[in-house]
Amino acid sequence: MSSNQTTFAVTGNRFIRRKEAAARLGISLATLDRWAAIGRVCKPSHIGPRASGWPESYLDALIADSLNTNTHN
């Protein structure tokens, strides 16, 4: 497994690296970086000396919240 595909688990919660996080959110890497810089999403957690990512549950919650706020009545 190459380093850009490595995932880590903490108490059963997988960490999602930058590229996969952007893909799940349907945005570009630049947009993900910008959102983290302005606080629209939290900054990624450092999970190694050269690795960072977001807990999968955090990204799932962002997606669910986005779906809930974008629904039409």
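The values are calculated or read from the model by the stated rules, or taken from the named source; none is laboratory data. Note that the coordinates shown come from a computational prediction; the quantities given were computed from them, not determined experimentally. Please note: Cβ atoms are built from the backbone with ideal geometry, for glycine as well, and neighbour counts cover all protein chains shown.
Within segment 64-73, is there a residue that is modelled with pLDDT of 95 or more, polar (S, T, N, Q) and either touching a strand residue (DSSP E or B) at 6+ places or on another chain (Cβ under 7 Å) or not in a strand (DSSP E or B) (or both)? Looking for residues that are modelled with pLDDT of 95 or more, polar (S, T, N, Q) and either touching a strand residue (DSSP E or B) at 6+ places or on another chain (Cβ under 7 Å) or not in a strand (DSSP E or B) (or both), one finds none in segment 64-73, hence no. Residues in segment 49-73 that are among the polar types (S, T, N, Q) and within 20 Å of ASN13 (Cα to Cα) were compared, and the one that is surrounded by the most Cβ atoms within 10 Å (Cβ to Cβ) is SER52.
Could you list, in sequence order, the residues of segment 1-48 that are in a helix (DSSP H, G or I), exposed (fewer than 10 other Cβ atoms within 10 Å of the Cβ) and modelled with pLDDT under 95? SER3, GLN5 - these are the residues of segment 1-48 that are in a helix (DSSP H, G or I), exposed (fewer than 10 other Cβ atoms within 10 Å of the Cβ) and modelled with pLDDT under 95.
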